[in-house]
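Working notes, beginning with the structure itself.
The values are calculated or read from the model by the stated rules, or taken from the named source; none is laboratory data. Since this is a predicted model, take the numbers as computed values, not measurements. Glycine also receives a Cβ, built like all others from the backbone with ideal geometry; neighbour counts cover every protein chain displayed.
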Ligand code: DON
């Protein structure tokens, strides 16, 4: 028998469940669990897959059992999620994959982020008054960047996998052609997005019944056009997507909906392997995604700032420690707004931002008892450099780990749930709305309230700045100990930060670290987001320190993590969203 846990079955021995159903930022229907709940993590002495959707986790675990490595399992899981989790799993989006190769003791960062089409330009989302047209930036065919997912997954497989394209695609093709049983999560989320998806004929046809009704839990969803696209990829590799019939269908869709992606854009798409951004927190070290994701840089920056305090002594999630987290987040996101962008287009001062001495200088500006105002906090690197003259909603994460110690930590996305809402007619998949992650105009906020400047302005072939933070942690002996990541737009970086602090600073197990309530601050708007389970006393104390607390609690992210213990793995699927599962390999 496989040790298999869906979110419900891992809640053995839970103490209390607050079943306040909430709609996540991405439109996902989520259930938040009380902070006293205890979850048994899933354990394995062999390999493991943790993802947002049970069937896709099983696909990955089956690949491990068939002798595949962590990379084979990740690629199979990624393609399966494109079928079973259409709001975030994708062929029409992009993402980032961190790979750890045990034999070489090497960590690799694979960038398969979308690229702006050749005919994109910096003012493309401005109206005649020079204001940002948010509908155009988020819900039109022009909101789609050139998809990177297929190239990225195949790059990982070609270079680090052991199986053929057809072997890893087989389960996804079967799920698309024969169909799979819709779960509550998918049914709820299709209901929530019904208005948006009904605006586009192909999207309506693919994700709703003939009469336009939505699928109920237990109904079977068959995706024949998607299965044909997957078949073309299986037979022709990347050319099955970026050339020939699929490429033509994408371009036809662009013509139909006034989009920009051309055959040349598709043929030009490039995966980039980048030097991971690495740092340390006390005795642990970590490697994460470098620009064009801001995730790794600011995760390390916040850890560096917080290393200057004894958080464990202050206590988990009390006012004193949360205050310091907020102030660290405030400074990091101020820097993000100015310094971060695609490194192929703009120099990003990564080493300066992640330096311990810059973090020390920031920590010296933090009053441990009083909140700063974001309007008084600026991107800090320039003044620090001067003062140093003697010497800146919907995604999904999955993690895989094989019995040889190879690891994948992967986050990919269409941006919002169901991306732009526009499916490619005849090809069966949705297109991203990732162009909204660019800064459409300096100082204007994107869909997550993030402010950006010229470093993240739109340019042809440029990649929009991301917050995705797939991360791998190592112990003092450089042995990998944790793979983690999350969806959540702008909140991703602070979510991963809290998983690491819960685990490494507050000594929690990975399941407890996952379930613990989270907070978020992103400089602007100057507001603290919090989850249910942060006590009212704590919130009152934070208010008295001068923090502006959002009136309504939110659900923050959905982490899918694997931690290594002495001689076994512990997996934890986040209980915040339905359907996630950690599934172990048993033989
Ligand atoms: O790359 C980014 O930062 C965003 N496009 C991620 C979107 C996301 O996480 C939505 N999920 N809830």
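Take the conditions on the phi > 0 side of the Ramachandran plot, within 16 Å of the ligand (Cβ to nearest atom) and either more than 18 Å from the chain's Cα centre (by Cα) or surrounded by 21 or more Cβ atoms within 10 Å (Cβ to Cβ) (or both) and apply them to residue 546. Does it pass? Against the criterion (on the phi > 0 side of the Ramachandran plot, within 16 Å of the ligand (Cβ to nearest atom) and either more than 18 Å from the chain's Cα centre (by Cα) or surrounded by 21 or more Cβ atoms within 10 Å (Cβ to Cβ) (or both)), residue 546 does not qualify.
Filter region 552-569 for residues that are within 16 Å of the ligand (Cβ to nearest atom) and surrounded by 24 or more Cβ atoms within 10 Å (Cβ to Cβ) and give the result. Give the derivation first.
Taking region 552-569 and keeping what is within 16 Å of the ligand (Cβ to nearest atom), we get 554-560.
Selection gives 555, 556, 557, 558, 559, 560.
Among the residues examined, residue 578 qualifies as at pLDDT below 95 and either at positive phi or within 23 Å of the chain's Cα centre (by Cα) (or both).
Looking only at region 421-428, decide whether some residue is within 25 Å of residue 190 (Cβ to Cβ), within 16 Å of the ligand (Cβ to nearest atom), over 16 Å from the mean Cα position of the chain (by Cα) and in a loop (DSSP other than H, G, I, E, B). Yes, region 421-428 contains at least one residue that is within 25 Å of residue 190 (Cβ to Cβ), within 16 Å of the ligand (Cβ to nearest atom), over 16 Å from the mean Cα position of the chain (by Cα) and in a loop (DSSP other than H, G, I, E, B).
Inside region 210-223, residues that are modelled with pLDDT of 95 or more and within 30 Å of residue 135 (Cα to Cα) make up a count of 4.
Residue count for region 456-479 under the criterion of being in contact with a helix residue (DSSP H, G or I) (Cβ under 8 Å, 6 or more places away or on another chain) and within 30 Å of residue 569 (Cα to Cα): the result is 7.
Does residue 134 qualify as being surrounded by fewer than 19 Cβ atoms within 10 Å (Cβ to Cβ), within 16 Å of the ligand (Cβ to nearest atom) and within 16 Å of residue 464 (Cβ to Cβ)?
Details: surrounded by fewer than 19 Cβ atoms within 10 Å (Cβ to Cβ): yes; within 16 Å of the ligand (Cβ to nearest atom): yes; within 16 Å of residue 464 (Cβ to Cβ): yes.
Considered against the rule, which asks whether it is surrounded by fewer than 19 Cβ atoms within 10 Å (Cβ to Cβ), within 16 Å of the ligand (Cβ to nearest atom) and within 16 Å of residue 464 (Cβ to Cβ), residue 134 comes out as yes.
For region 232-244: of the residues being part of a helix (DSSP H, G or I) and touching a helix residue (DSSP H, G or I) at 6+ places or on another chain (Cβ under 6 Å), which is farthest from residue 431 (Cα to Cα)? So the residue we want is 234. What about residue 205, is it in contact with a strand residue (DSSP E or B) (Cβ under 9 Å, 6 or more places away or on another chain) and either in a helix (DSSP H, G or I) or surrounded by 20 or more Cβ atoms within 10 Å (Cβ to Cβ) (or both)? Yes.
Any idea how many residues of region 270-302 are in contact with a helix residue (DSSP H, G or I) (Cβ under 6 Å, 6 or more places away or on another chain) and outside any strand (DSSP E or B)? Step through it out loud before you land on a result.
Of all residues in region 270-302, those in contact with a helix residue (DSSP H, G or I) (Cβ under 6 Å, 6 or more places away or on another chain) come to 271, 277, 279, 281, 284, 288-290, 294-295, 297-299, 301-302.
The next check asks that each one be outside any strand (DSSP E or B); those that pass are 271, 289-290, 294-295, 297-299, 301-302.
The qualifying residues number 10.
So which residues in region 429-466 are within 30 Å of residue 179 (Cβ to Cβ) and in a loop (DSSP other than H, G, I, E, B), if there are any at all? Listed by number, the residues that qualify are 429, 431, 432, 433. Can you say whether residue 453 is farther than 25 Å from residue 575 by Cβ, away from the ligand (no atom under 11 Å from the Cβ) and modelled with pLDDT under 95, as far as the supplied structure shows? Judged against the criteria, residue 453 is a match. The condition of being modelled with pLDDT under 95 and more than 16 Å from the ligand (Cβ to nearest atom) holds for residue 444. For region 435-449, the set of residues classified as surrounded by 24 or more Cβ atoms within 10 Å (Cβ to Cβ) and closer than 25 Å to residue 527 by Cα consists of 436, 437, 438, 439, 440, 446, listed by residue number. Being more than 14 Å from the ligand (Cβ to nearest atom), part of a helix (DSSP H, G or I) and under 18 Å from the mean Cα position of the chain (by Cα) holds for only one residue in 497, 501, and it is 497.
Scanning for something within 15 Å of the ligand (Cβ to nearest atom), farther than 22 Å from residue 81 by Cβ, in contact with a strand residue (DSSP E or B) (Cβ under 8 Å, 6 or more places away or on another chain) and not in a strand (DSSP E or B), does region 510-518 turn up at least one residue? There is at least one residue in region 510-518 that is within 15 Å of the ligand (Cβ to nearest atom), farther than 22 Å from residue 81 by Cβ, in contact with a strand residue (DSSP E or B) (Cβ under 8 Å, 6 or more places away or on another chain) and not in a strand (DSSP E or B).
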